[in-house]
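Have a look at the structure below, then the notes.
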């Protein structure tokens, strides 16, 4: 199952009925809710269908990036040993 960030960009408080529709989708799990943004694990098509023509809501896939290891490392000099 994929993770998505759903963000409310409208004025005032987010509509409760829209969030209830999202929670009503079979297999949806709300991972985190921070008011204007909600992180959910859900099947993509039913999630997009639940929001339908809602213009104040934006759905984005949750993307994670691996942080590179920038620590200096001791390297063995060539021909040693």
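Fewest first, what order do 37, 1 take by the number of other Cβ atoms within 10 Å?
Least to most surrounded, the residues fall as 1, 37.
Which value results for Rg/Rh of the range 2-56 when Rg is the Cα radius of gyration and Rh the Kirkwood radius based on the inverse mean 1/r?
We get a ratio of 0.92 for the range 2-56.
We did not get these values from a lab; they are worked out from the coordinates using the rules stated. Because the structure is a prediction, the values reported are computed rather than measured. Don't worry about glycine lacking a Cβ; one is built from the backbone with ideal geometry, like all the others, and counts go over all protein chains shown.
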